[in-house]
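Inspection log for the structure reproduced underneath, given as structure tokens.
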Amino acid sequence: MRIGAHVSTAGGPATCFDRAEAIGAEAAQIFLTPPQQWRSSKFDDAQIAAYRERAAASPIGEHVYVHGVYLINLATEDEPNLNRSIGSLKSALTSCSQLGIRGVIFHLGSHKGQGLDAVFAQICRACQNVLEATPDDAWLILENSAGAGGNIGSKFADLGRIIREVGDDRVKVCIDTQHSYAAGYDFATAEGLEIAMTEFEQEVGFDKLVAVHANDSKVELGSGRDRHENIGDGMIGVEGFRRILHHRGFQDVPFLLEVPGFGEAKGPDQPNVDLLKQLRDN
């Protein structure tokens with residue numbers, strides 16, 4: 001199990017390794033483009049070569065993931081936005097293949113109150129469209145949601161249903177611990193964690209789990225709200241994360257921090273990385 005973090009790529013994608021290594025991270029997550037903009041993630045040969053050279057020299061190596069832009073919504077009724085969402089995922093997956101990155105973690109979007117059934121076929125067709133148009137060595141990774149605002153994927157059963165319908169082994173899952181807790185999965189207690197992960201195993205399968213967003217929760221169980229907190233400062237707590245890190249379902253899965261950071265830090269920092277390492281190793 002690798003403990004990693006979301007880091008900046010200011011100055012080019014290869015710079016992520018320096019920033020991740022500086023805080024002791026063993027894996028990394030990055031944005032290829034600004035997350036609030038529709039922008040193609042095209043890189044020239046020099047950038048690709050620089051990234052691959054730096055990856056080969058880093059202990060992080062191939063353990064890097066891309067987070068898709070926040071604008072993506074495969075459930076939208078707006079056709080131009082749907083096409084932009086599909087195009088963004090195609091661009092990101094193509095870049096992952098070129099750079100040697102494992103795949104793109106993304107939010108499916110919101111059904112805006114229609115319910116999953118109303119948008120289910122569209123979501124699955126969109127995923128199939130993305131996969132058919134991109135190299136087969138990069139994963140399309142669905143992230144579970146906190147659930148508010150009609151956001152899709154708050155229930156593990158919904159993710160499993162989509163995966164089965166898309167029918168492609170490249171579709172994987174990232175569990176966000178905070179989103180899970182906000183969606184009603186009690187990751188803070190031993191009983192709640194076991195119930196949640198038994199459901200995940202049945203509905204999705206541990207073989208589909210390729211990443212964890214490791215975030216404590218500022219908000220209460222079942223709140224439906226996406227509010228991250230530093231490890232140990234939230235509702236899941238230190239002991240909750242100790243149990244998570246030692247649960248059989250997570251043993252070979254990288255943990256990627258998306259926390260605010262302690263003190264003056266802006267984003268994942270070494271104290272959060274070190275704490276997860278301590279919990280993992282003890």
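The values are calculated or read from the model by the stated rules, or taken from the named source; none is laboratory data. It should be emphasised that the depicted structure is a prediction, and the values quoted were computed from it without experimental measurement. Please note: Cβ atoms are built from the backbone with ideal geometry, for glycine as well, and neighbour counts cover all protein chains shown.
Let me confirm something: among ILE23, ILE48, ILE60, ILE72, which residue is in contact (Cβ under 8 Å) with a residue 24 or more places away in the chain and closer than 19 Å to GLY109 by Cβ?
On the way: ILE23 fails: closer than 19 Å to GLY109 by Cβ; ILE48 fails: closer than 19 Å to GLY109 by Cβ; ILE60 fails: closer than 19 Å to GLY109 by Cβ.
Unique residue meeting the criteria: ILE72.
Specify the residue that is surrounded by the most Cβ atoms within 10 Å (Cβ to Cβ); the eligible residues are those in segment 257-282 that are farther than 14 Å from GLY24 by Cα and among the aliphatic types (A, V, I, L, M).
VAL259
Just to verify a result, which residue in segment 114-134, among those that are in a loop (DSSP other than H, G, I, E, B) and at pLDDT 95 or above, is farthest from the chain's Cα centre (by Cα)? Spell out the reasoning first.
Step one: list which residues in segment 114-134 are in a loop (DSSP other than H, G, I, E, B), which gives 114-115, 133-134.
Next, from what is left, pick out any that are at pLDDT 95 or above: 133-134.
Details: ALA133: 22, THR134: 19 Å.
Restricting to residues being in a loop (DSSP other than H, G, I, E, B) and at pLDDT 95 or above, the top hit is ALA133.
Within segment 180-224, take every residue that is β-branched (Val, Ile, Thr) and out of contact with any Asp or Glu (no Cβ under 8 Å at 6 or more places or on another chain) and give me the one that is nearest to ILE141 (Cα to Cα). Before you say what the answer is, go through the steps one by one.
Within segment 180-224, the first condition is being β-branched (Val, Ile, Thr), and the residues that meet it are 189, 195, 198, 204, 210, 212, 219.
Still in the list and also out of contact with any Asp or Glu (no Cβ under 8 Å at 6 or more places or on another chain): 189, 198, 204, 210, 219.
On the way: THR189: 27, THR198: 20, VAL204: 13, VAL210: 8, VAL219: 25 Å.
Of everything passing the filter in segment 180-224, VAL210 is nearest to ILE141 (Cα to Cα).
Please find, within segment 243-256, the residue that is surrounded by the fewest Cβ atoms within 10 Å (Cβ to Cβ) out of those that are in contact with a strand residue (DSSP E or B) (Cβ under 7 Å, 6 or more places away or on another chain) and of a type outside the set (Gly, Ala, Ser).
Here is the first cut: in segment 243-256, the ones in contact with a strand residue (DSSP E or B) (Cβ under 7 Å, 6 or more places away or on another chain) are 249-250, 253-256.
Checking which are of a type outside the set (Gly, Ala, Ser) leaves us with 250, 253-256.
Numbers: PHE250: 21, VAL253: 17, PRO254: 24, PHE255: 29, LEU256: 28.
The qualifying residue surrounded by the fewest Cβ atoms within 10 Å (Cβ to Cβ) is VAL253.
Of everything in segment 16-53, what is crowded, with 18+ Cβ neighbours inside 10 Å and among the charged types (D, E, K, R)? Give them in sequence order.
The answer is ARG19, GLU26.
Report the residue count in segment 54-78 for those that are buried (at least 23 other Cβ atoms within 10 Å of the Cβ) and aromatic (Phe, Trp, Tyr).
So the answer is 1.
Scan segment 141-149 and give yes if some residue there is under 30 Å from LEU193 (Cβ atoms) and part of a helix (DSSP H, G or I), otherwise no.
yes
For segment 91-100, check the following and say yes or no: at least one residue is at pLDDT 95 or above, over 29 Å from ASP186 (Cβ atoms) and assigned to a loop (DSSP other than H, G, I, E, B). First the steps, then the outcome.
Of all residues in segment 91-100, those at pLDDT 95 or above come to 91-100.
This time we only want the ones that are over 29 Å from ASP186 (Cβ atoms), so: 91-100.
Filter once more, keeping what is assigned to a loop (DSSP other than H, G, I, E, B): 100.
For segment 91-100, residues at pLDDT 95 or above, over 29 Å from ASP186 (Cβ atoms) and assigned to a loop (DSSP other than H, G, I, E, B): present.
Check segment 219-242 and report whether any residue there is buried (at least 17 other Cβ atoms within 10 Å of the Cβ), touching a strand residue (DSSP E or B) at 6+ places or on another chain (Cβ under 9 Å) and without any contact (Cβ under 8 Å) to a residue 40 or more places away in the chain.
Yes.
Quick grid of which residues meet (1) aromatic (Phe, Trp, Tyr); (2) modelled with pLDDT of 95 or more; (3) part of a helix (DSSP H, G or I):
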residue	(1), (2), (3)
GLU199	no, yes, yes
HIS213	no, yes, no
SER223	no, yes, no
ILE231	no, yes, no
PHE241	yes, yes, yes
ASP252	no, no, no
VAL259	no, yes, no
PRO271	no, yes, yes
GLN278	no, yes, yes
